[in-house]
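The values are calculated or read from the model by the stated rules, or taken from the named source; none is laboratory data. Everything quoted here is computed from the prediction, not taken from an experiment. Please note: Cβ atoms are built from the backbone with ideal geometry, for glycine as well, and neighbour counts cover all protein chains shown.
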Amino acid sequence: MYRTFNQISIHKPVTSRPANFERYIICKGLREDFRDFVRAYTYEINVLQNKCNANSEDNDVQSIVPMHIVKGNENFYEYIRDSNNHLGEHQIRNLRKIHAFVSNATLRDNRQNEVRLKCLQL
């Protein structure tokens, strides 16, 4: 994607459940010379995903770009690795919190009321 767009970002929305590793790649500024290629390739990926969904053994596309291509650009590879590490550390913290709350039903998050009030102000 870094070759076909001017900017990319890996993002985990705050609305995403804290225990999963859901993340999105956000791309900005599709280069004109790649427009048709990107459209055709994303269509192929969608067809592959539909086949995976129909097959109960393989229910997800695991990769859309070969690793040797990703590693071919060291800066991009480091960005992906660092982003995944950061999101992974955040997920581990959230899983530990969930575990603590499940293990002890008397625990309360003191910030819950503060967050509720901030949400109401929006």
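Values as computed for the structure displayed
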{"quantity": "Criterion (within 28 Å of residue 2 (Cα to Cα), among the β-branched types (Val, Ile, Thr) and exposed (fewer than 12 other Cβ atoms within 10 Å of the Cβ)) met by exactly one of 47, 38", "calculated": "47"}
{"quantity": "Residue in the range 1-21 that is nearest to the chain's Cα centre (by Cα), counting only those that are without any contact (Cβ under 8 Å) to a residue 12 or more places away in the chain and loosely packed, with under 12 Cβ neighbours inside 10 Å", "calculated": "13"}
{"quantity": "Lone unmet requirement of (1) loosely packed, with under 13 Cβ neighbours inside 10 Å; (2) outside any helix (DSSP H, G or I); (3) modelled with pLDDT of 90 or more; (4) hydrophobic (A, V, I, L, M, F, W, C) for residue 27", "calculated": "(1)"}
{"quantity": "Subset tally (residues that are more than 19 Å from the chain's Cα centre (by Cα) and either among the small types (Gly, Ala, Ser) or at pLDDT below 90 (or both)) for the range 49-85", "calculated": "12"}
{"quantity": "Selection count where residues are surrounded by fewer than 12 Cβ atoms within 10 Å (Cβ to Cβ) and either in a helix (DSSP H, G or I) or in contact (Cβ under 8 Å) with a residue 40 or more places away in the chain (or both), scope the range 66-87", "calculated": "8"}
